[in-house]
1. Taking segment 364-408 on its own, how many of its residues are hydroxyl-bearing (S, T, Y) and touching a residue at least 12 places away in the same chain (Cβ under 8 Å)?
2. Would you point out the residue of segment 225-256, among those that are of a type in the set (V, I, T) and open to solvent by less than 70 Å² (accessible area, probe 1.4 Å), that is nearest to G207 (Cα to Cα)?
3. Condition first: out of contact with any Ser or Thr (no Cβ under 9 Å at 6 or more places or on another chain) and free of Cβ contacts under 8 Å to residues at least 40 places away in the same chain. Now tell me which residues in segment 18-41 satisfy that.
4. Could you check segment 1-89 for helices (runs of 4 or more DSSP H) lying wholly inside it with 1 or more residues that are polar (S, T, N, Q)?
5. Given segment 171-285, what helices (runs of 4 or more DSSP H) lie entirely inside it while holding 2 or more residues that are under 22 Å from F317 (Cα atoms)?
6. Regarding segment 135-146, can at least one residue be identified that is open to solvent by less than 30 Å² (accessible area, probe 1.4 Å) and in contact with a Gly (Cβ under 7 Å, 6 or more places away or on another chain)?
7. Condition (residue is within 30 Å of Q385 (Cβ to Cβ) and modelled with pLDDT under 95) applied to segment 316-324: is it met by at least one residue?
8. Which one is farthest from V312 (Cα to Cα), of the residues in segment 153-170 that are in contact with a strand residue (DSSP E or B) (Cβ under 6 Å, 6 or more places away or on another chain) and outside any loop (DSSP other than H, G, I, E, B)?
Amino acid sequence: GVSGLAAIKCCLDEGLEPICFEQSEGIGGLWRYMDQAEEGRASIYRTVFTNSCKEMMCYPDFPFPDDHPNYMHNARLQHYICKYAEHFDLLRHIRFKTLVTKVRKRPDFSATGQWEVVTQRDGKEEKAVFDAVMVCSGHHVYPKLPLDEFPGIQKFKGCYFHSREYKEPEKFRGKKVLVIGLGNSGCDIAVELSTVASQVYLSSRSGSWVMSRIWDNGYPWDMLVITRFQTWLESILPRALSDWLYVRRMNRFFKHENFGLMPLNRTSRKEPVFNDDLPSRIACGVVVMKPNVKEFRETSVLFQDGTVQDDVDVVVFATGYSYSYPFMEDDSIIKSRDNQVTLYKGILPPQLKKPTMAVIGLVQSLGPTIPTVDLQCRWAVKVFQGQVTLPPVTEMMDDIDEKMGKKLKWYGSSTTLQTDYITYMDELASAISVKPNVLKLLLTDPRLALEVFFGPCSPYQFRLMGPGKWSGARKAILSQWDRTLR
């Protein structure tokens with residue numbers, strides 16, 4: 001997937017020898033569409049498009065071709081991922097059709113930091129020893145289907161399944177469908193089904209902000225919202241004012257409460273849903289918003305507000321995923337506390353005697369995944385090589401706790417993987433000396449400095465200076481609006 005490829009490239013850049021084990025026969029991970037959901041692999045539906053635009057979500061030293069649209073269908077993104085792997089010659093480091101079954105510490109781990117990795121290929125088991133391990137398996141693999149939270153589901157006579165099984169709408173023509181979950185998948189599926197189903201109901205426990213991909217003057221939302229200036233403004237404004245502005249900005253296109261979408265916690269910064277069509281589908285009556293389900297009956301559904309919906313044929317649970325590392329012999333390495341993922345900088349298990357394991361791609365921010373995992377890999381590789389000095393375990397744990405506290409305040413939950421994009425990227429970038437120095441740029445290259453500060457915080461910024469810098473970064477930043485318009 002996108003994390004594994006970034007990991008291979010960053011290892012090669014630093015002169016390390018990567019070997020990547022991939023369970024399937026091709027690259028792309030989540031973005032490699034298959035007609036059937038496969039066990040142990042992420043699965044998407046046929047019409048998935050990206051929520052980040054091309055200038056914001058590319059690998060920092062490999063922009064998308066000029067003629068690509070700003071938001072891409074999964075097939076186009078998959079093509080780009082293949083081109084990236086080809087361009088940097090990454091494929092020869094991948095062992096395809098190889099399943100990792102065990103990752104365990106060597107007996108002499110406290111001295112060497114080495115891991116034994118057990119793999120299976122064509123029914124044969126192999127063992128190998130590695131100096132460090134990067135876990136890039138993602139978090140959209142193991143569906144969370146909390147049936148015990150839905151009384152009466154056993155009595156329900158219609159069909160129900162998790163959204164990862166959903167591929168395309170045709171077989172639901174003329175049916176009454178209930179979609180549970182107001183995340184990106186739930187909204188996408190509800191909107192798509194509303195074109196063929198006789199009625200779609202969309203049930204949500206806590207509401208959500210719904211944003212359009214198209215923002216002011218028709219530009220991509222993330223190029224206008226994810227800027228250093230905005231982040232700086234957030235940090236200096238009083239919390240009450242910043243909350244008021246946030247709610248006002250989220251309600252700028254339509255008033256969420258009129259559509260039954262208002263988040264219970266209005267000021268929570270939890271990840272908004274990106275859907276350009278949902279408000280109009282609600283306005284046309286083909287999608288009806290519903291509160292949480294109270295109970296299922298044989299053919300009907302009772303909701304928390306006392307309303308009953310009869311003759312429901314299909315229920316789609318868009319209830320997300322759980323994180324699981326079945327290959328880790330000691331699961332507590334990654335989930336060291338209350339079965340929660342506990343990682344320093346969202347990457348490193350803090351309790352290890354030797355820092356030789358990194359978990360890549362497990363944070364979520366209101367920003368694109370690809371540049372995030374690229375920077376995570378660069379940081380991790382520097383840690384492996386001893387070029388980043390880590391604080392003592394107690395300090396790492398304090399740092400994790402402090403961030404948990406902030407997450408509670410901003411996102412309403414401490415288990416969330418969410419974090420602020422620019423703050424997080426700058427934290428990693430500073431540690432490996434690649435954060436753009438705006439003041440220095442102001443003196444040497446004012447035009448670039450203004451674009452870096454007031455313009456979109458695009459991935460190229462993290463390849464402008466320091467180790468691993470890319471000679472095309474300046475030009476890419478100064479021409480990003482032209483490519484968007486194109």
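1. Restricting attention to segment 364-408, the residues satisfying the condition of being hydroxyl-bearing (S, T, Y) are 365, 369, 372, 389, 394.
The next check asks that each one be touching a residue at least 12 places away in the same chain (Cβ under 8 Å); those that pass are 365, 369, 372.
Final tally of qualifying residues: 3.
2. V247
3. E39
4. Answer list for segment 1-89: 2-13, 74-87.
5. Output list reads 184-193, 278-283.
6. yes
7. Checked against the condition, which is being within 30 Å of Q385 (Cβ to Cβ) and modelled with pLDDT under 95, segment 316-324 yields at least one hit.
8. That would be R164.
The values are calculated or read from the model by the stated rules, or taken from the named source; none is laboratory data. Keep in mind it's a predicted model, so treat the numbers as computed, not measured. So basically every Cβ, Gly included, is an ideal-geometry build from the backbone, and we count neighbours across all protein chains shown. Accessible surface is based on the protein model in full, side chains and every heavy atom, while ligands, DNA and RNA are left aside. Shrake-Rupley method; radii C 1.70, N 1.55, O 1.52, S 1.80 Å.
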